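Just passing along the structure, written as structure tokens.
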Number of protein chains: 2
Amino acid sequence: MEVLKISANSKPKFVAGAIAAAVRNEGGAEIHAIGAGAVNQAIKSVAIARGYVVSNDIDLVCIPTFTKINVDGVEKTGIKLLVTVRQREADS
Amino acid sequence: MEVLKISANSKPKFVAGAIAAAVRNEGGAEIHAIGAGAVNQAIKSVAIARGYVVSNDIDLVCIPTFTKINVDGVEKTGIKLLVTVRQREADS
């Protein structure tokens, strides 16, 4: 699954496009973000990506977990957002 | 559904407890956050809450959307996180 590394300077609209492409092609995406600014951009990106894939009848959800991310040899605690597709109810 | 208003000063462990309680009692929770610091605390809270409810065999996911939030008469754009339970696969 594609890993998207987000910083506080990432542009949510562009990240959303990458998420949408990864979801359509691979069924999901993994986002790594360290720090409040990066996490905020990541969440905004997912919110925008939901709109991009709604026409494909895809309902995106995200699963946040803590993760250790290696930055230039230093281990930092960051947020991993697993973006995945929510299954529709069987009877809908 | 319970609405939890998160600020940059909210304590993720306490918010996680409130999310876990709302999910167990009502099946979900709604989180409102304005600004990067608040969104970051909200996401950390969901990550912690996932651990709290895993013993109940509950798999939490969140759905981020943009929302207008009224703060002291001023309308601001914030993030609404819908925290909900992912249905298990029927055959698992």
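Tell me which strands (runs of 3 or more DSSP E) are completely within the stretch B:1-74 and hold 1 or more residues being under 17 Å from B:R86 (Cβ atoms) and at pLDDT 95 or above, or say none if there are none.
Result: B:28-33, B:60-71.
Moving on to the next point. Hey, can you tell me all the residues within the stretch B:50-77 that are open to solvent by less than 50 Å² (accessible area, probe 1.4 Å), touching a Gly at 6+ places or on another chain (Cβ under 8 Å) and within 11 Å of another protein chain (Cβ to nearest Cβ)?
B:T67
Out of B:I31, B:I48, B:I58, which single residue is under 23 Å from A:R50 (Cα atoms) and without any contact (Cβ under 8 Å) to a residue 60 or more places away in the chain?
Of B:I31, B:I48, B:I58, the one residue that is under 23 Å from A:R50 (Cα atoms) and without any contact (Cβ under 8 Å) to a residue 60 or more places away in the chain is B:I31.
While we're looking at this one, here's another question. Test B:A16 against the criterion of being open to solvent by less than 10 Å² (accessible area, probe 1.4 Å), more than 8 Å from chain A (Cβ to nearest Cβ) and not basic (K, R), and give yes or no.
yes
The values are calculated or read from the model by the stated rules, or taken from the named source; none is laboratory data. Treat the numbers as computed from the prediction; the structure is a model and nothing was measured. Glycine gets a Cβ as well: all are built from the backbone with ideal geometry, and neighbour counts include every protein chain shown. We work out accessible area using only protein heavy atoms, side chains counted, and drop any ligands, DNA or RNA first. Shrake-Rupley method; radii C 1.70, N 1.55, O 1.52, S 1.80 Å.
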